[in-house]
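The values are calculated or read from the model by the stated rules, or taken from the named source; none is laboratory data. Note that the structure is a prediction, hence the values are computed from the model and not measured. Cβ placement follows ideal geometry from the backbone for every residue including glycine, while neighbour counts extend to all protein chains displayed. What goes into the accessible areas is simple: the full protein's heavy atoms, side chains included, and nothing from ligands, DNA or RNA. Shrake-Rupley method; radii C 1.70, N 1.55, O 1.52, S 1.80 Å.
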Amino acid sequence: MEDKADLLKCLEEKIVSGKATIDRLKLTGKIEGVDKLTRKFQQEIRFLEKVQSTGNVKKEHLQSTNLIHLNAIVARLFCANEPTNVIKPFKYQGSRLEVDIVCNGGASWVKVIARNARALTLISMGNGEYGQKSVLDQAICYLQCAKCYPHLYRPPDVIFHFAYGIEVPLAMRLEQMGVIVEGDKIHSKDETDIDMHEGDTKLSTWTCSVGSVEEPLVNYKENIQSDLETLSTSSFATEIKVLNLDVSALLAYVTNMTNGYDHFIYREPLLTQQAEMERKRPVKPILEKLFENKELIVCQTAYENFMNIIDVIGGPMERLRAKELLNKVRIVDDIPTGRIMERLSLGGKIKDRSRLVFATGENMKSITVSANEGFVRAARMQGIECTAFLHEPRSLSEIKEGYATKISS
């Protein structure tokens, strides 16, 4: 490795490997954060190419490149079940904590560690550089942060993936703390390096600081279908048996448009657009499948708003469907408490009625069924993940049919 030709050859291999990994990432599909991960690869490759062009390559350039860690993230990503995010930042204690991979539909956070197993043990014993955080420090941060971002009313599992293995005593300590450990477990020469019973009280008093993340939370806007796929959190939440129906869900279920009357061009462009969407992607079969074997609840505010809309612009068949649907639901009192009410600031897409509906749903530990993707996105931007099933919007249409043009099926 000391020979310059060997160093240049190794440098070239890393560059080629990095570019190949970028091509692999194009196969991951629609996972939020992959573009950011790709940019990190490109940044590292540009640096190595600059070193290559000067010919002044040193062993340190190869040892310190961040490609080692990035490649480990990609390797774990391709093994992940239902990955939803990569390099996902979460607000935590006035700073940001970055999760390498969010997977299992959001139920698991994975941190990838690509360091020498022995070095990890020594740092955890206090033998690292001043201010250097050990994996034990990081574990406390992740576990505490996870409690602030429940997924389906439970903190996400925290998984530490050790690409180059972890020594057994350190793995045992992490598991004792509640971290799921992945990677080869290596027996060290001295298995008593970390006393498993020492410091249990210290663990609760340790503090950690999290480095800030340069890039803000990604706020992207594409077509509505991808929005719903990205923002819905309950397609895999079969264990939650209570559904909280928003006004938009009630309207979508009872409107003529979703009940066989979608072949119209209306005077209102929005209705015509919704009818086109309905012909391509019918909403009611989705809702009916979701409603199977579930308890349906509607908060008082949603009920009153829905009935006002039905009374004003509902047609005869829509009123009948509304009555039949409401016979199947339980009306519950509004519950204006909890983090949604306390932490979400009104304004923009955060309206008081929607905030109250989603807060009631959260307090009832239910899935809120809604077409209000704007609220869910805005809440996410304020650090609140809503437990929601999102569907495309459908408005009442029966009365509007009298002024619409019917088209062939």
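Quick one: what pairs do we get from segment 323-341, first residue more than 18 Å from THR387 (Cβ to Cβ), second of a type in the set (A, V, I, L, M, F, W, C) and part of a helix (DSSP H, G or I), C-beta under 7 Å, 6+ apart or different chains?
LEU325/LEU250; LEU325/VAL254
Residue check, THR84 against (1) at pLDDT below 90; (2) buried (at least 19 other Cβ atoms within 10 Å of the Cβ); (3) closer than 22 Å to THR21 by Cβ, all met but one. Which one?
(1)
Of all the residues that make up segment 337-370, how many are open to solvent by 20 Å² or more (accessible area, probe 1.4 Å) and under 26 Å from TYR253 (Cα atoms)?
Residues flagged as open to solvent by 20 Å² or more (accessible area, probe 1.4 Å) and under 26 Å from TYR253 (Cα atoms) within segment 337-370 amount to 10.
Given the conditions (1) closer than 22 Å to ALA80 by Cβ; (2) open to solvent by less than 100 Å² (accessible area, probe 1.4 Å); (3) assigned to a helix (DSSP H, G or I), report the number of the one that ARG24 does not fulfil.
(2)
Inspect segment 392-404 for any residue being in contact (Cβ under 8 Å) with a residue 40 or more places away in the chain and in a strand (DSSP E or B) and give the result as yes or no.
no
Whether any residue in segment 45-53 is in contact with a Ser or Thr (Cβ under 9 Å, 6 or more places away or on another chain) and either at pLDDT 75 or above or open to solvent by 50 Å² or more (accessible area, probe 1.4 Å) (or both) is what I want to check. Give the steps one after another, and end with the answer.
So in segment 45-53, the residues in contact with a Ser or Thr (Cβ under 9 Å, 6 or more places away or on another chain) come out as 47-48.
Remaining after also requiring either at pLDDT 75 or above or open to solvent by 50 Å² or more (accessible area, probe 1.4 Å) (or both): 47-48.
Checking segment 45-53: at least one residue is in contact with a Ser or Thr (Cβ under 9 Å, 6 or more places away or on another chain) and either at pLDDT 75 or above or open to solvent by 50 Å² or more (accessible area, probe 1.4 Å) (or both).
For segment 253-270, how many residues are in contact with a Ser or Thr (Cβ under 6 Å, 6 or more places away or on another chain) and either under 10 Å from SER397 (Cα atoms) or open to solvent by less than 80 Å² (accessible area, probe 1.4 Å) (or both)?
The qualifying residues number 5.
Take GLU373 and decide whether it is among the acidic types (Asp, Glu), closer than 24 Å to LEU270 by Cα and modelled with pLDDT of 95 or more.
In short, no.
Being at pLDDT 90 or above, open to solvent by 30 Å² or more (accessible area, probe 1.4 Å) and either touching a helix residue (DSSP H, G or I) at 6+ places or on another chain (Cβ under 6 Å) or small (Gly, Ala, Ser) (or both) is the filter here; which residues of segment 165-199 pass it?
MET177, GLY178, GLY183, LYS185, ILE186 - these are the residues of segment 165-199 that are at pLDDT 90 or above, open to solvent by 30 Å² or more (accessible area, probe 1.4 Å) and either touching a helix residue (DSSP H, G or I) at 6+ places or on another chain (Cβ under 6 Å) or small (Gly, Ala, Ser) (or both).
Could you check how many residues of segment 33-44 are more than 17 Å from GLU13 (Cα to Cα) and either assigned to a loop (DSSP other than H, G, I, E, B) or open to solvent by 30 Å² or more (accessible area, probe 1.4 Å) (or both)?
Qualifying residue count, segment 33-44: 4.
Name the one entry in ILE331, ILE297, ILE286, ILE309 that is of a type in the set (Val, Ile, Thr), closer than 20 Å to GLY361 by Cβ and loosely packed, with under 14 Cβ neighbours inside 10 Å.
Details: ILE297 fails: loosely packed, with under 14 Cβ neighbours inside 10 Å; ILE286 fails: loosely packed, with under 14 Cβ neighbours inside 10 Å; ILE309 fails: loosely packed, with under 14 Cβ neighbours inside 10 Å.
Of ILE331, ILE297, ILE286, ILE309, the one residue that is of a type in the set (Val, Ile, Thr), closer than 20 Å to GLY361 by Cβ and loosely packed, with under 14 Cβ neighbours inside 10 Å is ILE331.
Among the residues of segment 342-383, write down those that are touching a residue at least 60 places away in the same chain (Cβ under 8 Å) and among the aliphatic types (A, V, I, L, M).
Those that are touching a residue at least 60 places away in the same chain (Cβ under 8 Å) and among the aliphatic types (A, V, I, L, M): VAL357, MET364, ILE367, VAL369, ALA371, VAL376, MET381.
Can you tell me which residue in segment 61-100 is farthest from the chain's Cα centre (by Cα), limited to those that are among the charged types (D, E, K, R) and under 17 Å from PHE162 (Cβ atoms)?
Looking only at segment 61-100, we keep the residues that are among the charged types (D, E, K, R), and these are 76, 82, 88, 91, 96, 98, 100.
Checking the rest, the ones that are also under 17 Å from PHE162 (Cβ atoms) come to 76, 100.
Details: ARG76: 17, ASP100: 12 Å.
Ranking the qualifying residues of segment 61-100, first place goes to ARG76.
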